[in-house]
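Working notes, beginning with the structure itself.
What follows is calculated from the coordinates using simple rules that are stated; it is not laboratory data. Values in this document were obtained by computation on a predicted structure and should not be read as measured data. Reconstructed Cβ throughout: ideal geometry from the backbone, glycine too, with neighbour counts over all protein chains shown.
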Amino acid sequence: MEILFPKISRPVDGIFFWAKIMAKTYTRKQLKERFKNTNWVFGYKELIAAYDKKNNLIMLIEDYMDGLYAEAWRTFHFPRTSPLVKYAKREGTKSIFYIKPGRTELKLIPAFAPIGIRKATVSKNEIKINYSGLGGGGVSASYCRGLAGGVKKIEIIREAGGNKHGEATVTLPRYHHLIIGVDDTDTPEEGATYALVHNIANKIQDGKNIRYISHVNTQLYPKNPRKTKNCMSTSVGFLLKPGLENKVINFFIRELKKGTLSNNTSMIALRGFFIPPKLKQFGKILRTKFFNNLSYVKRLIKELDLEYYVITGEEGLIGSLGAISLHDNPDLAASLPPGFSKLK
């Protein structure tokens, strides 16, 4: 498919000229055929994108390769080059970006600003990301991402290679994101909340429409007088095709009722992936002191538009909310709170 873009006028040395940009659209299979004999192009393992409607944010996950960890070039440059990219981090071989839908102009500079995201759009069933880059960044922008698993199609706007400026738009299926926090499923005699929650999450996922993608254990106040032993709660995250959130929530409720050993089990659900600052602050408070104000917890849940479910008792709501509060920061969630770092 060949598209003739509108004429673009821009000044160069005080002179205006008219430029034409030709674009070609490929499926992943077609692009793979084009580059089957090219040894300077490779396909990323997978691209995945989810949309948080409430906060108008896209979460883009780029899985670079099979392995233990990969380069952090993209997570370093994207937020510096593009104002659409609000936050970026690397987890093993995966780069994770929070992106505001919209369009921006990129000022690409070799080495200093070699690649960026120029545009991001969301429709009913799809998310489109426009990448632009120089040199090897152009190759990854125009070709490598188009060869990734999960890509429906790629529109190559500028061809890449050598010192060229490459640009392309990838089209991805639109996923939604769901976080479920659970606390208090064990007793002093038996049980382990983190394992029970993991097993439930693993049972509901199908690898395509429902994908279990994250598991975080949060250290709460270590001297809580009501703790079983370590005083930790658990949250898990899912990528879902739109409309499947209730299926996962209801499955968790049923499985927790069957599997819990405690009379105080509760769970909380957050639809989306953005953790509100007020919730993060609450999570930090839970780590530093004993807290048993259930009325406040319920008010906060309502204020933040979360959902809570009492499985066998309300006491687990406190830890469940604490688990969700630090779901996007697993390193902090696992650490001991201030004042408890010394071994005793």
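For the chain, what relative contact order do you get, as a whole percent, if you take Cα pairs closer than 8 Å and at least 6 residues apart?
Values: 793 pairs, mean separation 50.0, N = 344.
Answer for the chain is 15 percent.
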Worksheet item: Projected onto the charge dipole of the chain (+1 at Lys/Arg Cβ, -1 at Asp/Glu Cβ, origin at the Cα centre), which of Q219, L68, N37 gives the Cα projection farthest towards the positive end?
Response: N37
Worksheet entry | Bridge type composition, segment 21-174 - antiparallel percent by DSSP, nearest 5 | 95
Discussion item. Of the candidates L178, L270, L304, which one comes out as most mobile in a Gaussian network treatment of the chain with C-alpha springs shorter than 10 Å?
Written reply: L304
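Using the crude model of +1 on Lys and Arg Cβ and -1 on Asp and Glu Cβ, and no other charge, please compute the dipole size for segment 208-344 relative to its Cα centre, in debye to 20. Don't skip to the answer; put the middle values down first.
Values: 22 positive and 9 negative charges, 62 e Å.
For segment 208-344, the charge dipole is close to 300 debye.
With r defined as the distance between the Cβ atoms of S295 and N209 and R0 fixed at 35 Å, what FRET efficiency is calculated, to the nearest 0.05? The partial results should precede the final answer.
Numbers: r = 38 Å, r/R0 = 1.09.
Once rounded, the FRET efficiency stands at 0.40.
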Fill in: Contour excess over end-to-end distance, with Cα ends at K100 and N125 and 0.36 nm allotted per residue
7.3 nm
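Pairs K119/K152; K100/K302; K89/K241; K54/K241: which are spaced more than 19 Å apart, C-alpha to C-alpha? Don't skip to the answer; put the middle values down first.
Values: K119/K152 17 Å; K100/K302 26 Å; K89/K241 24 Å; K54/K241 17 Å.
Beyond 19 Å between Cα atoms: K100/K302; K89/K241.
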Worksheet item: Which label marks the calculated value of Cα extents along the principal axes in Å, given the options [x] 75, 38, 36; [y] 59, 41, 36; [z] 64, 40, 38?
Response: [x]
Worksheet entry | Cα centre as origin, Lys/Arg/Asp/Glu Cβ charges: segment 107-213 dipole, Debye | 1060
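Where Lys and Arg each count +1 and Asp and Glu each count -1, what net charge lies around A269 among other residues with Cβ under 10 Å from its Cβ? Working shown, then result.
Values: positive: R271; negative: E245, E307.
Summing Lys and Arg as +1 and Asp and Glu as -1 gives -1.
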Response to the item:
Row for segment 21-174, column shape: gyration tensor on C-alpha, a ≥ b ≥ c, rounded if a/c < 1.5 i.e. under 1.5, prolate if a/b over b/c, else oblate; value rounded
Discussion item. Which residue fluctuates most in the GNM of the chain (Cα springs below 10 Å): G322, G150, G259?
Written reply: G259
Fill in: Spin-label pair K107/E314, simplified geometry with 7 Å Cα→Cβ offset, distance in nm
5.6
Worksheet, complete the sentence: Under 17 Å by backbone N from the virtual spin label 7 Å along Cα-to-Cβ at I253, the residues of segment 280-311 are 302, 306-311
Item to complete: Could you size up the charge dipole of the chain around its Cα centre, putting +1 on the beta carbon of Lys and Arg and -1 on that of Asp and Glu, and report it in debye to the nearest 20?
Response: 740
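Work out the FRET efficiency for N39 and N202 from their Cβ-Cβ distance, taking R0 = 45 Å, and round it to the nearest 0.05.
0.70
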